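Data first, discussion second: the structure below is written as structure tokens.
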Amino acid sequence: MISPARHWSSSSLVEFSGRLHRNCISLTSWTRERRYWNTRSALKPHLSFGSTSKTRLSPSKSKKIRIAAKMTEEMPDTLKHYKVPKIEDMPSLGLPIENAKRAAAYLAVDENLDIFHHRIIGVGSGSTVIYVAERLGQYLKDEKFRDYVSQFICIATGFQSKQLIMDSGLQYGIIEQHPVIDIVFDGADEVDPNLQLIKGGGACLFQEKLISTSAKTFIVVADSSKRAPSKLGSHWRKGVPIEVVPPAYVRVRNDLLTKVNAKTAVLREGGKAKAGPIVTDNSNFIIDADFGEIEDPKTLYKEIKLMVGVVEAGIFVDNAAKAYFGNADGSVEILDKQGSAARITSV
Ligand SMILES: O=C(CO)[C@H](O)[C@H](O)COP(=O)(O)O
């Protein structure tokens, strides 16, 4: 983080600008871009880019002009004329499912992110959210939005989304410092017509719940296979993910089978990737409990939550505002609390 205005002397600004210049030369163009706009936005309160009007500091006017000119010169070529690409102009990704995920994610960001007013953004986990981070990264590179997007603080739902945030050049922050989030974008394993969700296929459900319920608006992005025609549990057959404290897993598994009639309750194993159970970002285990079609998600959720050893259950009730479902042909269907409406975009 750059120090606030009063801590910057004119000489440190010049020195910092020089350091930026030296660093930029030795970096790859991608990193150079990221470093460039991060620094530029940090310096913005102190300098006026492209003009020499008001600054908060008092170096001599000619020095201000030199610094501003130097910063402008240093903008990497790849950034100078960059514009956020239109969804319909994007080349196909080759795989229909990826086109579907990208179409949903891009449209969800374009329609719901208020670039000029949102500041704290939640980025969820999974393969669809990759395109959310990609889209945010595109806004960041566009001169028209850069100064706003570079001020976003992005909150992650786990290790993967933290990497996505950083790889897209966005600022990473923690929920402890930003307990109220303006908007969250996250995937889902299943979405019913009432916008109730099953989540946690990627084992990130505790932080996903924490972040989505801390958001003023929670937007789901998914491919259309995630849409349940009626009840939760009809499409997603792997069961409801439940995060448990490790020593309690046998007790919780038994309780799921005997108290809430789970058909199966299986400790999630790492398979070839890890001998033994998967360990979550919070050092817990996951039990996948199959209930078949779930009649009353709210009641089931409450019952599971009351079990000793349960940290969180992957049933998300009355939390999402809208869900964007991408289709392989690039069309996107939007489900909101008023019902669903189809929108057509071509990819
Ligand atoms: O809940 C999740 C991770 O815990 C994911 O959001 C969910 O599994 C959807 O992932 P994908 O976008 O890959 O289908």
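The values are calculated or read from the model by the stated rules, or taken from the named source; none is laboratory data. What you see is a predicted model, and the numbers here were worked out from it, not measured in a lab. Here the Cβ is made from the backbone with ideal geometry for all residues, glycine too, and neighbour counts use every protein chain on show. With ligands, DNA and RNA removed, areas are computed over all heavy atoms of the protein, side chains included. Shrake-Rupley method; radii C 1.70, N 1.55, O 1.52, S 1.80 Å.
Restricting segment 222-243 to residues that are within 11 Å of the ligand (Cβ to nearest atom) and more than 17 Å from the chain's Cα centre (by Cα), the residue that is farthest from VAL310 (Cα to Cα) is SER225.
When ALA156 is tested against (1) within 16 Å of the ligand (Cβ to nearest atom); (2) open to solvent by 30 Å² or more (accessible area, probe 1.4 Å); (3) hydrophobic (A, V, I, L, M, F, W, C), exactly one condition is not met: (2). Note on segment 86-100: residues that are in a loop (DSSP other than H, G, I, E, B) and farther than 19 Å from ALA222 by Cβ amount to 4.
Consider GLU176 carefully, then state whether it is more than 30 Å from LYS83 (Cβ to Cβ), surrounded by fewer than 19 Cβ atoms within 10 Å (Cβ to Cβ) and at pLDDT 95 or above. Spelling it out, GLU176 is indeed more than 30 Å from LYS83 (Cβ to Cβ), surrounded by fewer than 19 Cβ atoms within 10 Å (Cβ to Cβ) and at pLDDT 95 or above. When segment 184-194 is filtered for residues that are surrounded by 21 or more Cβ atoms within 10 Å (Cβ to Cβ) and either more than 8 Å from the ligand (Cβ to nearest atom) or outside the structural domain of ASP336 (by TED's automatic domain parsing) (or both), the ones remaining, listed by number, are VAL184, PHE185, GLU190, VAL191, ASP192. A single member of SER150, SER168, SER127 is more than 16 Å from the ligand (Cβ to nearest atom) and open to solvent by 20 Å² or more (accessible area, probe 1.4 Å), and it is SER168. For LEU197, the conditions (1) open to solvent by 20 Å² or more (accessible area, probe 1.4 Å); (2) in contact (Cβ under 8 Å) with a residue 24 or more places away in the chain; (3) more than 6 Å from the ligand (Cβ to nearest atom) all hold with the exception of (1).
Being small (Gly, Ala, Ser) and without any contact (Cβ under 8 Å) to a residue 24 or more places away in the chain is a description that applies to ALA275.
Taking segment 314-328 on its own, how many of its residues are open to solvent by 10 Å² or more (accessible area, probe 1.4 Å) and either of a type in the set (Gly, Ala, Ser) or touching a strand residue (DSSP E or B) at 6+ places or on another chain (Cβ under 9 Å) (or both)? Going through segment 314-328 one residue at a time, the tally reaches 6. Candidates ASP336, ASP281: the one that is open to solvent by 60 Å² or more (accessible area, probe 1.4 Å) and within 30 Å of LEU113 (Cα to Cα) is ASP281.
Quick one: would you say GLY173 is within 11 Å of the ligand (Cβ to nearest atom) and of a type outside the set (S, T, N, Q)? No. Put simply, of ALA248, ALA265, ALA215, ALA275 the only residue that is open to solvent by 60 Å² or more (accessible area, probe 1.4 Å) and hydrophobic (A, V, I, L, M, F, W, C) is ALA275. The single residue among ILE219, ILE181 that is more than 14 Å from the ligand (Cβ to nearest atom) and within 13 Å of the chain's Cα centre (by Cα) turns out to be ILE181.
When segment 94-129 is filtered for residues that are aliphatic (A, V, I, L, M) and either free of Cβ contacts under 8 Å to residues at least 60 places away in the same chain or closer than 20 Å to GLY173 by Cβ (or both), the ones remaining, listed by number, are LEU95, VAL109, LEU113, ILE115, ILE120, ILE121, VAL123, VAL129. Of the strands (runs of 3 or more DSSP E) contained entirely in segment 284-340, not one carries at least 3 residues that are on the phi > 0 side of the Ramachandran plot, among the polar types (S, T, N, Q) and in contact with a helix residue (DSSP H, G or I) (Cβ under 8 Å, 6 or more places away or on another chain).
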